[in-house]
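Student: First, the structure itself, so that you have it in front of you.
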Amino acid sequence: MSRIALIGAGRIGRIHARNAALHPRLELAAVVDPVEASAQALAAEWGAAVRTLEQVMADPGIAGVVVASSTDTHLDYSMQAIAAGKAVFCEKPIDQDLGRARSAAQALDGSRLLLAFNRRFDPNFRALKAKLDDGGIGGLESLQITSNDPAPPPPSYVAVSGGLFKDMAIHDFDMARWLLGEEPVEVYATGSCLVDPEIGRLGDVDTARTLLRTGSGRLCVISNSRRSGYGYDQRIEAYASGGMACADNVLESTVRLFNDDGSRGDRLQNFFLDRYARAYQAEMDHFADMLAGAPSAVGYADGVAALALAEAATQSMKSGAVVRL
Ligand SMILES: NC(=O)c1ccc[n+]([C@@H]2O[C@H](COP(=O)([O-])OP(=O)(O)OC[C@H]3O[C@@H](n4cnc5c(N)ncnc54)[C@H](O)[C@@H]3O)[C@@H](O)[C@H]2O)c1
């Protein structure tokens, strides 16, 4: 049994707490959050103790730390935990500032850090990746990644999010790198505020398209919107020399209704907590493997590479020019 601590008892922290507490090889020993009521409630739910950050870092019995607190804490807490000899499961993005993220290379590159790009652990996208890797549809030529939230977040969230590319599309940049199998060398992005004028007033966009091009010429289009209006729209199409592989949306049920008007399927799963529930479990399972000595499948360098693409997309949108990496 590996004893772990959770830092940050918010939306995603509560998911990770549950998955850690129910995991057969992990013990959720401690919860840290400056909001005492949040820490107390979550710790009580899973039989953990409320601790301070300093107590967790100094406790040699804590083998791993899950950093699920606000984005501005990710880099610092990850470095503290690695320096204290702990394995780290760090939420995305690694930071909002590319220069600061890169400056942590000495401390974090090659370390026991899992950067929580949960979509890599989604069974549907894993199956898609396996189909591309086994060569059954030939050489990959292009990707279409569609990632639309059901409804926009509140302005208070947008104000500190770092913008659509660093907060939301960062997952898609990681998927693009993973599936393309090559680093993008050119980025062009454009965006608009079409959904919520308040998002525009905060200097952000809510609708965006990004085009990536790799060194060999593979192309990827990423489509993002903060509002689908019909659920959490998460699809990937991969076009290759011998066919197309497509990971479609996951519906709430497989039931379809048929009548004189035609046929109708169920709704899309509403948001990330449902759509990626199995992915979050699988990534916690991978963290348990890391605590038993396995290398991290997605780490610091992946976090920085995705952030570099998000930074390039932000620059491209502002300048209207292609950014070459
Ligand atoms: N991978 C995913 O699917 C996913 C989904 C949601 C959020 N996230 C990321 O997880 C992080 C948290 O997001 P959220 O939606 O859970 O936010 P949230 O606001 O619901 O929760 C954040 C929690 O962190 C706590 N916190 C703030 N400062 C802290 C500190 N210094 N030490 C300890 N705890 C602190 C807050 O009190 C709060 O309980 C963000 O970086 C976000 O980008 C990832």
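The values are calculated or read from the model by the stated rules, or taken from the named source; none is laboratory data. Nothing here was measured: the structure is a model prediction, and the numbers come from that model. Cβ: placed from backbone, ideal geometry, glycine included. Neighbour counts: every protein chain shown. Just the protein is used for accessible areas: all its heavy atoms, side chains included, with ligands, DNA and RNA removed. Shrake-Rupley method; radii C 1.70, N 1.55, O 1.52, S 1.80 Å.
Student: Considering only the range 264-271, I want to know if a residue exists there that is open to solvent by less than 30 Å² (accessible area, probe 1.4 Å) and under 15 Å from LEU179 (Cβ atoms).
Tutor: Checked against the condition, which is being open to solvent by less than 30 Å² (accessible area, probe 1.4 Å) and under 15 Å from LEU179 (Cβ atoms), the range 264-271 yields no hits at all.
Student: Same structure again: Kindly state which helices (runs of 4 or more DSSP H) lie completely within the range 212-325 and contain at least 2 residues that are among the β-branched types (Val, Ile, Thr) and under 21 Å from LEU98 (Cβ atoms).
Tutor: 300-319
Student: Can you tell me which residue within the range 297-325, out of those that are small (Gly, Ala, Ser) and open to solvent by 40 Å² or more (accessible area, probe 1.4 Å), is nearest to MET1 (Cα to Cα)?
Tutor: Looking at the filtered set, the residue picked out is ALA297.
Student: Please state which one of LEU325, LEU257 is more than 24 Å from TYR188 (Cα to Cα) and more than 15 Å from the ligand (Cβ to nearest atom).
Tutor: Selected residue: LEU257, the only one of LEU325, LEU257 that is more than 24 Å from TYR188 (Cα to Cα) and more than 15 Å from the ligand (Cβ to nearest atom).
Student: Assess whether GLY162 counts as being at positive phi, without any contact (Cβ under 8 Å) to a residue 60 or more places away in the chain and either out of contact with any Pro (no Cβ under 7 Å at 6 or more places or on another chain) or open to solvent by 30 Å² or more (accessible area, probe 1.4 Å) (or both).
Tutor: So GLY162 fails the test.
Student: Which residues, taken from the range 212-244, are under 20 Å from ARG119 (Cα atoms), open to solvent by 10 Å² or more (accessible area, probe 1.4 Å) and touching a Cys at 6+ places or on another chain (Cβ under 9 Å)?
Tutor: Across the range 212-244, the qualifying residues are ARG235, GLU237.
Student: Kindly provide the set of residues from the range 1-15 that are within 18 Å of ARG112 (Cα to Cα) and crowded, with 21+ Cβ neighbours inside 10 Å, ordered by number.
Tutor: ILE4, ALA5, LEU6, ILE7
Quick grid of which residues meet (1) over 28 Å from SER316 (Cα atoms); (2) of a type in the set (A, V, I, L, M); (3) touching a helix residue (DSSP H, G or I) at 6+ places or on another chain (Cβ under 6 Å):
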| position | (1), (2), (3) |
| --- | --- |
| ALA104 | no, yes, yes |
| PHE121 | yes, no, yes |
| ARG126 | yes, no, no |
| LYS131 | yes, no, no |
| ILE137 | yes, yes, no |
| SER142 | no, no, no |
| ASP149 | no, no, no |
| SER156 | no, no, no |
| ILE170 | no, yes, yes |
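Student: Any residue at all in the range 183-192 that is part of a loop (DSSP other than H, G, I, E, B), of a type outside the set (S, T, N, Q) and either away from the ligand (no atom under 16 Å from the Cβ) or open to solvent by 20 Å² or more (accessible area, probe 1.4 Å) (or both)?
Tutor: yes
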